[in-house]
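The values are calculated or read from the model by the stated rules, or taken from the named source; none is laboratory data. Quick caveat: nothing in here was measured; it's all calculated off a predicted structure. Cβ sites come from the backbone with ideal geometry, for glycine too, and all protein chains shown count toward neighbours. Calculation scope for accessible area: heavy atoms of the full protein, side chains included, ligands and nucleic acids excluded. Shrake-Rupley method; radii C 1.70, N 1.55, O 1.52, S 1.80 Å.
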Amino acid sequence: MSDPLRFFVPAESLRHDQVIIDGEPYHHLRNVLRVKPGSSLVLLDGAGQCCEVLLEQLQADQAVTRVTRRWQAQDQTLPITLLQALPKGDKFDLILQKGTELGVRCFQPVETAHAIPNLDPSKLGKRLHRWQRIVSEAARQSRRNFLPVVKPLEKLARVLEDSSRELKLVLWESGSVPLSQALPQVPPAGVSLLVGPEGGFSEAEIIAITAAGFKAVHLGPRILRTETAGLAATPILQYLYGDWQLSPVDNQ
């Protein structure tokens, strides 16, 4: 028997034994996947609350389900906050999708000297909504029980003030050490991973970054693109400190 299909729904909808699915999840369920009444589904609130439900009715604009089992999942991923200088075009979409699959806990797009978005506030709001949809779909497909957080765009100086993770790393090709030399033997409580833009950090920015406690590290002799660097470092950290030693069954 195949695993039940999974959908993220608002947390308040899971408080009752009868759960209504509407909006985008309903559209995907009915029009894309063409799920039939009688099917078992798993509904998640993105914060670890999970419900197995039986699909009872498909109505014009919503589905009616009934809870058959509840449980609370535990998030065993290493809490990685990816501080990503906002790249050009739609490259951040790829970073969000693949970073979610790899276990990033929080995405913080960053405005730097060489990464200044040419967007007015209204367009930034629409872009954030799109980013959240990408993360939700990637989490559903990769069977994550927890939704990563996507924060609004912030300037680098503000991000450095707010960064409080125990292990702070900046990927920088100059004046840095191999990643392996910066990793502690004892698993850190969390990691802030800072990645620069296509044009790199300015000299003043690197001074501010290292003054804020970030260790400058590199990933070997090759220069990686901004959309590749964070995705290359994340699985290393998850393998050493996170949940990559677990099987898919352990994630249920």
Legend entry - Of residues in the stretch 150-168 being closer than 22 Å to residue 237 by Cα and surrounded by fewer than 16 Cβ atoms within 10 Å (Cβ to Cβ), the one modelled with the lowest pLDDT: 164
Legend entry - Qualifying residues in the stretch 196-209 (those that are out of contact with any Ser or Thr (no Cβ under 7 Å at 6 or more places or on another chain) and either aromatic (Phe, Trp, Tyr) or surrounded by 16 or more Cβ atoms within 10 Å (Cβ to Cβ) (or both)) - the one farthest from residue 3 (Cα to Cα): 206
Inset, instruction - Report yes if some residue within the stretch 229-244 is out of contact with any strand residue (DSSP E or B) (no Cβ under 9 Å at 6 or more places or on another chain), more than 30 Å from residue 125 (Cα to Cα), surrounded by fewer than 12 Cβ atoms within 10 Å (Cβ to Cβ) and not polar (S, T, N, Q); otherwise report no. - result: no
Legend entry - Residue in the stretch 188-201 that is more than 24 Å from the chain's Cα centre (by Cα) and at pLDDT 95 or above present: no
Inset, instruction - Return yes when residue 41 is in contact with a Pro (Cβ under 6 Å, 6 or more places away or on another chain) and either among the charged types (D, E, K, R) or surrounded by 14 or more Cβ atoms within 10 Å (Cβ to Cβ) (or both) and no when it is not. - result: yes
Inset, instruction - Count, please, the residues in the stretch 192-210 that happen to be touching a helix residue (DSSP H, G or I) at 6+ places or on another chain (Cβ under 6 Å) and of a type in the set (Val, Ile, Thr). - result: 1
Inset, instruction - Please work out if residue 81 is touching a strand residue (DSSP E or B) at 6+ places or on another chain (Cβ under 8 Å), more than 16 Å from residue 136 (Cβ to Cβ) and open to solvent by 20 Å² or more (accessible area, probe 1.4 Å). - result: no
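So which residues in the stretch 46-78 are in contact with a strand residue (DSSP E or B) (Cβ under 7 Å, 6 or more places away or on another chain) and not in a strand (DSSP E or B)?
Those that are in contact with a strand residue (DSSP E or B) (Cβ under 7 Å, 6 or more places away or on another chain) and not in a strand (DSSP E or B): 46, 48, 62, 73, 75, 78.
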Legend entry - Subset of the stretch 19-37 (residues that are farther than 9 Å from residue 7 by Cβ and touching a helix residue (DSSP H, G or I) at 6+ places or on another chain (Cβ under 8 Å)): 19, 20, 24, 35
Legend entry - Qualifying position, being under 30 Å from residue 42 (Cβ atoms) and either surrounded by 19 or more Cβ atoms within 10 Å (Cβ to Cβ) or of a type in the set (A, V, I, L, M) (or both), among 219, 147, 179, 171: 147
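Can you find a residue in the stretch 122-138 that is within 18 Å of residue 241 (Cβ to Cβ) and in contact (Cβ under 8 Å) with a residue 24 or more places away in the chain?
no
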Inset, instruction - Pick out the one residue from 25, 109 that is at pLDDT below 95, crowded, with 16+ Cβ neighbours inside 10 Å and of a type outside the set (S, T, N, Q). - result: 25
Legend entry - Residue that is open to solvent by less than 40 Å² (accessible area, probe 1.4 Å), out of contact with any His (no Cβ under 9 Å at 6 or more places or on another chain) and at pLDDT below 95, where the choices are 128, 124, 119, 96: 128
